[in-house]
Amino acid sequence: MSQPAKQPLDHIRTYLASAFDLPEGELTGDRSFESLELDSIAQVEMFVTLSDHYGIHLDDSLASGEMTLRQTAELITEALEGADRQRQDSRSAVPQG
C-alpha cells in the first residue's frame, strides 16, 4: 500500500529543509521567503521544483519575498483544483457514442 501524498505545506517544508538546509521546525506556514533569507533565484527554483513535483504550472513571477509558505501551498492547491476541473471538463466534452 502506498503512502498518502503529503499536503502541499508539508511538502514545501520538507523540500526547503532538504534543499536549503533549513531547520524544518522553523518552517511554519507564516514564514516568508524573505524571513528565510531565500533570494529570488531560490524562490524560482522552488516554484519550478514544485511545479514538476505536482505536475502543474506555478507562475514563478508570483513569488516574492513577502510570500509565505502557506500562500505558496494555497497556490499549489488552487492549481491542483484547476487541473482536476480541466480533466473533468475534458471528459464530459467527449461525445458518448
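The values are calculated or read from the model by the stated rules, or taken from the named source; none is laboratory data. Because the structure is a prediction, the values reported are computed rather than measured. Note: ideal-geometry Cβ built from the backbone for every residue, glycine included; neighbour counts use all protein chains shown. The area values use the complete protein model at the heavy-atom level, side chains included, leaving out ligands, DNA and RNA. Shrake-Rupley method; radii C 1.70, N 1.55, O 1.52, S 1.80 Å.
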As an exercise: evaluate E74 against (1) open to solvent by 60 Å² or more (accessible area, probe 1.4 Å); (2) assigned to a loop (DSSP other than H, G, I, E, B) and give the number of the one condition it does not meet.
(2)
Log entry, pairs with first residue in region 34-52 being assigned to a helix (DSSP H, G or I), second being surrounded by fewer than 16 Cβ atoms within 10 Å (Cβ to Cβ), beta carbons closer than 7 Å, six or more apart or on different chains, reads A42/F20; V44/D60; F47/D60; V48/D60; S51/H57
Would you please list the contacts, defined by Cβ atoms under 9 Å and residues six or more apart or on different chains, that run from a residue in region 71-82 that is over 18 Å from Q43 (Cβ atoms) to a residue that is in a helix (DSSP H, G or I) and among the aromatic types (F, W, Y)?
L80/Y54
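Quick grid of which residues meet (1) at pLDDT below 95; (2) over 11 Å from the mean Cα position of the chain (by Cα):
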{"position": "Q7", "(1), (2)": "yes, no"}
{"position": "T14", "(1), (2)": "no, yes"}
{"position": "A17", "(1), (2)": "no, yes"}
{"position": "E24", "(1), (2)": "yes, yes"}
{"position": "L27", "(1), (2)": "no, yes"}
{"position": "F33", "(1), (2)": "no, yes"}
{"position": "H57", "(1), (2)": "yes, no"}
{"position": "G65", "(1), (2)": "yes, yes"}
{"position": "L69", "(1), (2)": "no, no"}
Taking region 40-55 as the region of interest, how many residues are within 9 Å of the chain's Cα centre (by Cα) and open to solvent by less than 30 Å² (accessible area, probe 1.4 Å)?
4
